[in-house]
Amino acid sequence: MDAYPERKRLPNLHQRVDEGRGYFVSNGRVAVAKQYKMLVIKGNSTKFQWYYLREGEYLPPDAFVSGRTYNGSKPVYIGKTTVDGEVLYGRVRQSSVPVLAVAVTRNRRRVDFAYSFYVLVQPGVVGF
């Protein structure tokens, strides 16, 4: 039994926070939440780094696991990329190749996908 059952009700926010709302990708669409969890890293961290993942590469073994897919079958990671000059954070899923999905809210809501992007890693910690 989960010691923190409320975690299942709150989305893991990997995207952006604006006006007290979090925007994230769910089922291939931009979703909005007023309650969410967020990882905050202050200043320069020695525990976390960004690793540039090129298209066709596999996730590094020290990629930080930020959660699991809805059914709990696969790990989910945090990635970032630039869309229209804005740095956006999103959910990385490993299928046949790693894919980053980000919620874009400027002008109109849409989901963008990236195949080359930065992924959050914890050097020296094997995550999967």
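The values are calculated or read from the model by the stated rules, or taken from the named source; none is laboratory data. Quick caveat: nothing in here was measured; it's all calculated off a predicted structure. A quick note on method: Cβ atoms are made from the backbone with ideal geometry, for glycine too, and the neighbour counts reach across all protein chains shown.
In table form, for the structure just shown:
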{"item": "Filtered residues of segment 59-76 (kept if over 16 Å from the mean Cα position of the chain (by Cα) and touching a residue at least 12 places away in the same chain (Cβ under 8 Å))", "result": "PRO61"}
{"item": "Residue count, segment 41-63 (criterion: buried (at least 16 other Cβ atoms within 10 Å of the Cβ) and outside any loop (DSSP other than H, G, I, E, B))", "result": "3"}
{"item": "Residue selected from segment 7-40 under the condition over 22 Å from LEU120 (Cα atoms) and at pLDDT below 55, by the criterion surrounded by the fewest Cβ atoms within 10 Å (Cβ to Cβ)", "result": "ARG9"}
